[in-house]
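Have a look at the structure below, then the notes.
The values are calculated or read from the model by the stated rules, or taken from the named source; none is laboratory data. Just so we're clear, the structure is a prediction, and the values are computed from it rather than from any experiment. Ideal geometry is used to build each Cβ from the backbone, glycine not excepted, and the neighbour counts take in all protein chains shown. Accessible surface areas use protein heavy atoms only, side chains included; no ligands, DNA or RNA. Shrake-Rupley method; radii C 1.70, N 1.55, O 1.52, S 1.80 Å.
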Amino acid sequence: MLETRRLRAGYGHITVLWDLSLRFRAGALTAIVGPNGAGKTTLLRALTGLVPHAGEILFQGERLVSRTSDLAGAGLVMVPEGRMVFRDMSVEENLHLGAYPKRCRGDLGASLDRVYGLFPRLRERRRQAAGSLSGGEAQMLAMGRGLMSAPRVLLIDEPSLGLAPVIVKEVFEIIARLKQEGTTIVLIEQNTRVALGVADDVHLMRGGRVLLSEPAARVDLDRLHDLYFAREA
Ligand code: ATP
């Protein structure tokens with residue numbers, strides 16, 4: 001459903017992604033793993049139009065124009081890491097912001113109910129300033145905000161970052177549930193073990209290139225770690 005062909009992207013004259021050709025299957029959870037600086041976040045930024053790209057991004061067979069508004073309108077939604085919530089706004093105001101694409105403004109109440117159903121703690125804290133949430137709650141809010149726009153593809157950046165293991169478990173249970181409900185998910189994750197626990201497909205990135213693409217069930221963790229930690233040639 002989502003595909004990149006020879007995707008190149010970077011910042012100014014620095015190229016970070018080198019000709020990435022990747023496929024993301026509909027209804028599947030695809031994990032992108034790789035060390036710091038591999039270009040994982042840049043890939044999500046390119047997919048959501050936040051950095052310009054060369055090459056092609058195809059969504060449901062059509063070439064996407066690289067403008068953020070087109071991509072959000074088409075249903076590609078990025079969930080940034082949890083610290084990127086609007087701290088001075090309440091939880092519910094943050095959620096309202098997620099419903100900005102035109103196609104999802106009509107049913108705000110139903111969208112809020114769905115998000116609060118998935119994250120009861122956000123309902124309890126709906127009037128609280130987002131800046132006062134714990135790390136785990138802020139991550140849930142970032143995910144909830146993404147879900148408010150009824151995404152066709154949810155692109156989640158490092159949901160485990162800085163969270164205690166017990167909270168990571170909770171966040172990943174929700175991610176697994178979203179997958180079961182049929183959401184197509186692209187997940188960036190440094191913690192390979194956690195990523196493999198929920199993923200259908202895995203891509204390992206290093207130095208802006210893909211070193212391995214496999215169904216998660218076939219991944220040999222030792223080999224993955226060898227590639228992950230290998231010294232630059
Ligand atoms: P991490 O897990 O550390 O976030 P990553 O795999 O997500 O790593 P990116 O954040 O995509 O990697 O960064 C890839 C490369 O792009 C790095 O070398 C980084 O320094 C560079 N980079 C990232 N953002 C910018 C920017 N705004 N301007 C210039 N270079 C950048």
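Inside the range 120-131, residues that are touching a residue at least 24 places away in the same chain (Cβ under 8 Å) and open to solvent by 10 Å² or more (accessible area, probe 1.4 Å) make up a count of 6. Looking at the range 4-30 only, could you name the residues that are of a type outside the set (D, E, K, R) and either surrounded by fewer than 15 Cβ atoms within 10 Å (Cβ to Cβ) or farther than 22 Å from Glu214 by Cα (or both)? Selection gives Ala9, Gly10, Tyr11, Gly12, His13, Ile14, Thr15, Val16, Ser21, Ala26, Gly27.
Of all residue pairs spaced 6 or more apart or on separate chains, those with beta-carbon atoms under 7 Å, a first member in the range 91-112 that is at pLDDT 80 or above and a second member that is open to solvent by 30 Å² or more (accessible area, probe 1.4 Å) and small (Gly, Ala, Ser) are Ser111/Ala150. Strands (runs of 3 or more DSSP E) fully within the range 1-69 that include at least 3 residues being within 16 Å of the ligand (Cβ to nearest atom) and hydrophobic (A, V, I, L, M, F, W, C): 14-24, 29-33. Just one of (1) crowded, with 20+ Cβ neighbours inside 10 Å; (2) not in a helix (DSSP H, G or I) fails for Gln139. It is (2).
Among the residues of the range 74-99 satisfying the criterion of being more than 18 Å from Leu187 (Cβ to Cβ) and of a type in the set (Asp, Glu), which is surrounded by the fewest Cβ atoms within 10 Å (Cβ to Cβ)? Only one residue tops the list, namely Asp88. Do we find a residue being open to solvent by 50 Å² or more (accessible area, probe 1.4 Å), of a type outside the set (Lys, Arg) and touching a helix residue (DSSP H, G or I) at 6+ places or on another chain (Cβ under 7 Å) anywhere in the range 204-215? So far as the range 204-215 goes, yes, one or more of its residues are open to solvent by 50 Å² or more (accessible area, probe 1.4 Å), of a type outside the set (Lys, Arg) and touching a helix residue (DSSP H, G or I) at 6+ places or on another chain (Cβ under 7 Å).
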